[in-house]
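To start, the structure itself, in structure tokens.
Just so it is clear, none of the values below were taken in a lab; they were calculated from the coordinates. Since we're looking at a predicted model, the values are computed, not measured. Using ideal geometry, Cβ is built from the backbone for each residue, glycine included, and neighbour counts are taken over all protein chains shown.
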Amino acid sequence: MISKGKVTAWRGLASYIDSDTGRKHRKSVTRKTKIEARRALRALIASLPKAQRVSRRKARQDSLPAASDSASTLAFLHRWLAFKAREVRPTSLRSYTGTLLHLVPHLGHVPLTDLTALHVEDAVSALLASGKSMKTVASALHTLRMALRQGVRWGALERNVAEQVRRLRTPAARLKVWTPWEARAFLDAAQGHRLYPLFALALSTGMRKGELLGVRWSDVNFERAELVVRGQLVRGVSGAWELGEPKTPASRRTLPLAADMLEILRAHEREERAWHGTHTADAFVFRRSSGAFMDASNVSRVFRMLTRRAGVPRLRFHDLRHTAASLMIRRGVSAKLVSDRLGHADVAFTLRVYTHLYDDQRRDAALSFDQLLAADRDRAAFDANPNLLRQLEELLHALRSGSSS
């Protein structure tokens with residue numbers, strides 16, 4: 001609190017969710033010194049009810065309507081989703097369910113063995129006519145293809161009729177990234193915020209948001225200047241955040257860290273120790289003041305706030321990953337190294353996603369014959385005069401001796 005230009009007191013705020021009503025409440029403490037306020041706030045947080053905050057929209061578990069006929073397409077889709085639940089993440093399962101919900105009113109009642117490509121074609125046309133976007137309908141059609149493909153493997157279908165429906169062409173969305181100057185402006189605006197190290201690490205490594213929130217102090221090796229990606233924060237079946245496996249096997253990787261990034265993490269660790277006291281190796285690097293892992297939606301909210309403060313173009317948090325890739329490509333980092341750092345399964349995927357960012361390098365490859373054949377010409381000169389290299393070395397040595405005297 002400030003009075004007449006002087007700090008007269010320090011105030012700390014903490015919020016919690018009432019488990020009975022589900023409403024959010026806020027409490028505060030005020031002390032004369034910063035140390036006393038921090039101590040009082042820590043005690044206040046420890047006394048508040050502990051409740052997992054879950055977004056109502058994200059927590060809603062989508063499900064297909066019940067099937068009254070076991071031979072219907074709807075009953076088969078239920079069977080397929082139960083099968084996929086054993087091998088995909090909850091987020092993927094919700095995505096499959098959500099896309100199939102668009103098709104169920106049009107195809108669910110049709111007996112599976114009577115389903116034809118014309119049924120699917122009519123469903124696609126009806127969805128587009130109702131105002132559904134091309135991307136939404138294309139996603140629903142893709143999921144249906146996956147389901148019917150499994151039906152063929154099971155012997156429930158002779159062929160995949162969805163494969164006979166022409167794929168919808170969706171315009172490729174161009175990646176939005178910041179320039180080096182915009183990225184610097186954002187970091188300057190974030191300086192001093194407790195999440196500054198998280199945003200700096202995102203731009204430095206290109207890690208996904210879930211990977212950043214899943215990092216533990218045991219994953220950071222200050223001596224070797226490395227960070228190991230072992231897991232990520234994901235939404236579980238209930239919609240609550242939980243620690244899960246990396247997105248793909250290639251996502252499990254070791255990232256070298258630059259000296260300035262290491263110093264940012266060291267300063268962050270000192271700040272965390274000052275707030276939480278000593279922490280265990282399994283403690284999350286980025287966590288709430290209560291010690292629990294952060295809600296990813298809160299991170300996105302802070303990101304948007306700092307973006308407005310910096311006055312830079314608005315991006316999604318995930319676009320920090322694309323920005324990190326573009327910054328590396330601008331510095332001439334090879335596609336293979338960019339792919340490894342981002343945790344892509346193969347370099348071909350990296351080239352497809354960021355192909356437009358390699359335009360400058362493709363232009364650099366348009367060399368004249370003088371440039372292309374310069375190496376052979378220089379080699380021929382050395383072959384013709386074996387003493388030429390020795391003479392050049394002697395000349396270089398003489399120049400160095402003269403400049404130092």
Subject >> Neighbour-limited loop hits for trypsin sites (Lys or Arg not before Pro), the stretch 126-195 (at most 16 other Cβ within 10 Å; DSSP other than H, G, I, E, B) >> reply: LYS132, ARG159, ARG166, ARG167, ARG169, ARG174, LYS176, ARG194
Subject >> Loop sites in the stretch 83-118: trypsin sites (Lys or Arg not before Pro), DSSP, at most 16 other Cβ within 10 Å >> reply: ARG86
Subject >> Simple spin-label estimate for SER28 and ALA85 in nanometres, 7 Å along Cα-Cβ >> reply: 4.7 nm
Subject >> Efficiency of FRET between GLU263 and SER70 - r from beta-carbon atoms, R0 51 angstrom, step 0.05 >> reply: 0.20
Subject >> Estimated FRET transfer efficiency when R0 is 41 angstrom, pair THR116-SER92 (beta carbons, to 0.05) >> reply: 0.90
Original post:
For the cross-link pairs LYS84/LYS135; LYS84/LYS209; LYS34/LYS209; LYS135/LYS247; LYS27/LYS176; LYS6/LYS27, which exceed 29 Å when the distance is taken from alpha carbon to alpha carbon?
Top reply: LYS34/LYS209; LYS27/LYS176
